Amino acid sequence: MTHKRLVLLLAFIATWMPAIQNKEQQSIQNYFKQALKHIATQNTDQAIVCYKQILTIDPQNFLAYLSCANLFFMQDRYDQAHKYYKNAIALNPLSDASYFNQGLLLESEQNYAQAIESYKNACETNPKHHKAILQLAKLLKQENSLQEATHYFHKIISVYPQHFESHYTLAQIYQELDFIEQSLYHYHIAAELQPNNSDLLTDYANLLNKINETEQALELYIKVAQLLPVSAPAQYNVGYTFKKLNHLKEALPFYEKAVQLDPNSAFMHFGISLAYLTAGNFKDGWREYEYRWNAHDIPKKEYEKPLWNGEPLYGKTILLYAEQGLGDNFQFIRYAKIAKEMGATVIFESKASLVNILSLCPYIDYVVTSEQEIPNFDYYAPLMSMPFLCSTTLQTIPCQKPYLYAKKELVAHWKNILNKDKNFKVGICWQGNSSFKTKDLQNVFSGRSIKLKYLKPLMSIDHISVYSLQKIDGLNQIKDLQDYCKLKTFDEDFDNTQGAFCDTAAVIQNLDLVITVDTSIAHLAGGLGAPVWILIPDPPDYRWMTDIDYSPWYPTMRLFRQTKSGSWQNVILSIKQELVNINILKKKMKGKK
């Protein structure tokens, strides 16, 4: 019982006794003395007997009721404790000790709502009862009454400005409420009070990392790693933050140490896989990437047939199944072509939205969804395990173009329409999927998106027409720009009548260039073999690696990278200058003709 020592401290006020005026009072005083002696020898049962003797003499004795209640609480005799606390409070409704101890009892029973009321009563009867204030604040936080909890923690700090627990807890509450400045303020004070508290420093660093104060976060993570040299999470956090700063050489030793310290952690293995892949170490990266299932508690599909492990496929049928996002499927469906070239019949179990576009791939024999009956097969494999199963290295990426296809009749249809536009035709996409379940994933993918208004400079260049390839998310932003930009859009039938991505693929084949954020459109355009420029955030996703302006996955792709996390200004300026140069080149070519 965590609060029993507190109860003992508040239990017996032996000095509070009226002047002895008669024999009854003399007897009461003697019983109080005997009770204290029994308590000193931990004979609480006899102490309770003494207090009950007092109550037979004086049924209105508040102190006997309170002391008896405290001892029943100490013995986990909660029903009796409640009864005596109730009597004590009835006799003395201004007793903050009674309310406080009753609150401790109710909290022990997990009766949190009534415990909160008891603590509040203790605080009201004695505004300087700091233990009651602190206990109330902590319980309010536990019960997610965060705003109210801050009020009581601030009360503690007003009396004890260096109260570590209050500053630390306020930092956590304000972070949860998304009051970042207040959270940082209290983390800073708490860190000054306990500079070697590893839990605090880790929480503080996590917040700094989240708001992209990465250098400061790294300093704290390094300190925690020094304090906890055998803690795998401490080492991992340093590696992760070095990677976020694009210092892969410095990051990898910390990742590797984390895996050595906790070799059974799928999360650690998956983390190092992304570091290896970003660094171009595909041999180790794809092997470690196989931990992705357990790292994120994603159920791995299993079938009665064997998992393919590189066996000969001539004359066999292999089932590949989709996983992760649409862009991942566009990027890695190229491995179905490898299976086909090995002599296999290829079945792809697809996301429903990709069935129509992937059915156009000549190297896939059957495209089905999970709701449909799957033809008989000999082996199966998750799509994103194929780079590992095919022993893909940086030098052996299957990057033939194209490997995705548009419907020929749709290409011809859109050619007739778009050929009327004699400008340099650019398709743009500015936002990825925003419907992820977790806040962390939402943050990751929001970092890959850009507001449409930031692309306005591209729409102001002469002799360039800009077409929207955006679907679903982000379309509301077009309305805000309609009055003063030249963005061309398609009607509601676009990609609906023919199937998802089918019109988009045909239009891309008739554009001069696609400019997009890191989304499925980038992979679709790259797979079609179309010229595509991608806006790459800092830090980048593993597939874009670092310090290169091309992609080994897509020969027709150029990468335009942020130089500062969260800032797209340099990227937009670079892209605008490149488009201006294209215009200048076109004019020169016209002049020569």
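Before moving on, here are some points about what is shown:
- 3J(HN,Hα) couplings calculated from phi for the range 324-341 with the Karplus curve 6.51 cos²θ - 1.76 cosθ + 1.60 (θ = phi - 60°) are, in sequence order, 6, x, 5, x, 4, 5, 4, 5, 9, 5, 4, 6, 5, 5, 5, 4, 5, 5 Hz; Gly and Pro show x.
- Size descriptor, Kirkwood hydrodynamic radius, that averages inverse alpha-carbon separations across the range 4-224, Å: 19.6
- Percentage relative contact order, the chain, counting C-alpha pairs under 8 Å, at least six apart: 8
- Candidate aspartates and glutamates for bridging to Lys351, where Cα separation is under 15 Å - those fewer than 8 sequence places away on the same chain excluded: Glu323, Asp328, Glu371, Glu373
- A Förster radius of 60 Å combined with the Cβ-Cβ distance from Tyr454 to Gln114 puts the calculated FRET efficiency at roughly 0.65.
- Zero-based 5 Å bins, Cα pair distances in the range 249-364, whole percents: 2, 10, 16, 18, 18, 16, 11, 6, 3, 0
- Values of log10 I(q)/I(0), in the order q = 0.14, 0.19 Å⁻¹, for the range 14-123 under a Debye, Cα-only, solvent-free model: -0.56, -0.95
- Residues whose amide H falls under 5 Å from that of Tyr467, counting only those 5 or more places apart or on a different chain, are Val426, Gly427, Ile428, Lys488, with hydrogens built in the peptide plane.
- 5 Å binning of all Cα-Cα separations within the range 408-592, expressed as whole percents from 0 upward: 1, 8, 16, 20, 22, 17, 10, 4, 1, 0, 0, 0
- Scaling the Cα radius of gyration of the chain by the globular reference 2.2 N^0.38 Å produces a ratio of 1.39.
- In straight-distance terms, cross-link reach from Lys33 covers every one of the aspartates and glutamates whose alpha-carbon lies under 17 Å from its own, apart from those fewer than eight places away in the same chain; here that gives Glu24, Asp45, Asp58.
- Helix 44-57 axis, angle to the chain major axis (alpha carbon atoms, nearest 10°): 50
- Over 18 Å between alpha carbons, listed pairs Lys305/Lys337; Lys422/Lys486; Lys486/Lys576: Lys305/Lys337
- The chain: calculated mean residue ellipticity at 222 nm from DSSP helix runs of at least 4, using -39500 (n - 2.57): -16500 deg cm²/dmol
- Charge dipole of the range 408-592 about the Cα centre (unit charges at C-beta), most positive-ward option of Ile508, Trp544, Gln569: Gln569
- The range 317-396: relative contact order as a whole-number percent, Cα under 8 Å and 6+ apart: 41
- Filtered GluC sites (Glu not before Pro), the range 247-307: DSSP coil and at most 11 other beta carbons within 10 Å: Glu302, Glu304
- The chain - share of DSSP beta bridges that are antiparallel (%, nearest 5): 10
- Cross-link pairs Lys249/Lys425; Lys155/Lys210; Lys128/Lys223; Lys243/Lys425; Lys407/Lys488; Lys83/Lys131 - those with Cα-Cα distance over 32 Å: Lys249/Lys425; Lys128/Lys223; Lys243/Lys425
- Debye equation applied to the C-alpha atoms of the range 317-396, log10 I(q)/I(0) at 0.11, 0.22, 0.23 Å⁻¹: -0.25, -1.02, -1.12
Values in this text are rule-based calculations from the coordinates and carry no lab data. Here the structure is a predicted model, which means the values were calculated and not measured. Positions of Cβ are backbone-derived with ideal geometry, glycine not excepted, and every protein chain shown enters the neighbour counts.
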